[in-house]
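Inspection log for the structure reproduced underneath, given as structure tokens.
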Amino acid sequence: MGNQNETMDQLEMQLNRLHRSIRLTTERYLEALTGTRYESLKQNQKAAAKVGQLLDRYGLRIRCTECGTPSILRVSARKNATGGVFVFDHVVNGKRTFHGGKSVFPPMHLTEKPPRKANR
Ligand SMILES: [Zn+2]
């Protein structure tokens, strides 16, 4: 049993290392988007959805710049912003909440996706 435990410990360590590398690499690529936007609401929504898809695949979320909560980036329609506004979609104090609201991609610092809550 001793050897197997060691194997699992090593595997976990190795996976953690790889995961960290994925997170840092992704963060570096996303930096290029910060402060930019596409022309249309549709394009911005598509880009944000693609980011969300990739992050979800690797168990990552974006840290809200206002409160730090792990969140999903979305683009909402606004009358005065043709490309829409970027918002952090997250649950704060048990309530679905949106923070942010700039018309360009915010800084995207990545964090672990929180574990699923037990049945509620
Ligand atoms: Zn927030």
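The values are calculated or read from the model by the stated rules, or taken from the named source; none is laboratory data. Predicted, not measured: the structure shown is a model, and the values here were computed from it. Glycine also receives a Cβ, built like all others from the backbone with ideal geometry; neighbour counts cover every protein chain displayed. Remember, those area values only see protein heavy atoms, side chains included, never the ligands or the DNA or RNA. Shrake-Rupley method; radii C 1.70, N 1.55, O 1.52, S 1.80 Å.
In what sequence, highest mean first, do 10-19, 56-65 appear when ranked by Cβ atoms within 10 angstrom?
With the highest mean Cβ count within 10 Å placed first, the list reads 56-65, 10-19.
Would you work out the relative contact order for the stretch 2-112, in percent, from Cα pairs under 8 angstrom that are 6 or more residues apart?
Once normalised by length, the contact order is 28 percent.
Helix 41-57 versus the longest principal axis of the chain: what is the Cα-based angle in degrees, 0 to 90, to the nearest 10?
10
Cut-off under 22 Å on the C-alpha distance; same-chain residues fewer than 8 positions from residue 113 excluded. Which lysines are left, in chain and number order?
Hits, sequence-local ones excluded: 46, 50, 95.
Just to be sure I understand the curve: with the Debye formula and one point per C-alpha of the stretch 64-120, what is log10 I(q)/I(0) at q = 0.13 Å⁻¹?
Log10 I(q)/I(0), no solvent term: -0.37.
At what distance in angstrom do the alpha carbon centres of the stretch 78-120 and the stretch 1-54 lie from each other?
Between the Cα centre of the stretch 78-120 and that of the stretch 1-54, the gap is 17 Å.
Restricting things to alpha carbons, find the Rg to Rh ratio for the stretch 2-112 using the Kirkwood radius for Rh.
The Rg/Rh ratio comes out at 1.10.
Can you classify the stretch 36-100 as rounded, prolate or oblate using the Cα gyration tensor, where a ≥ b ≥ c are the square roots of its eigenvalues, rounded means a/c under 1.5, and otherwise it's prolate if a/b beats b/c and oblate if not?
Oblate, because a/c is 1.5 or more while a/b does not exceed b/c.
Using only Cα atoms and rounding to the nearest 10 degrees, what angle (0 to 90) does helix 2-31 make with the longest principal axis of the chain?
20
Tell me the accessible surface of residue 85 in square angstrom (1.4 angstrom probe, heavy atoms of protein chains only), to the nearest ten.
The accessible area comes out at roughly 10 Å².
Which residues' amide hydrogens lie under 5 Å from the amide hydrogen of residue 100, considering only partners 5 or more residues apart or on another chain, with H built in the peptide plane?
Close amide H contacts, sequence-distant or interchain: 88.
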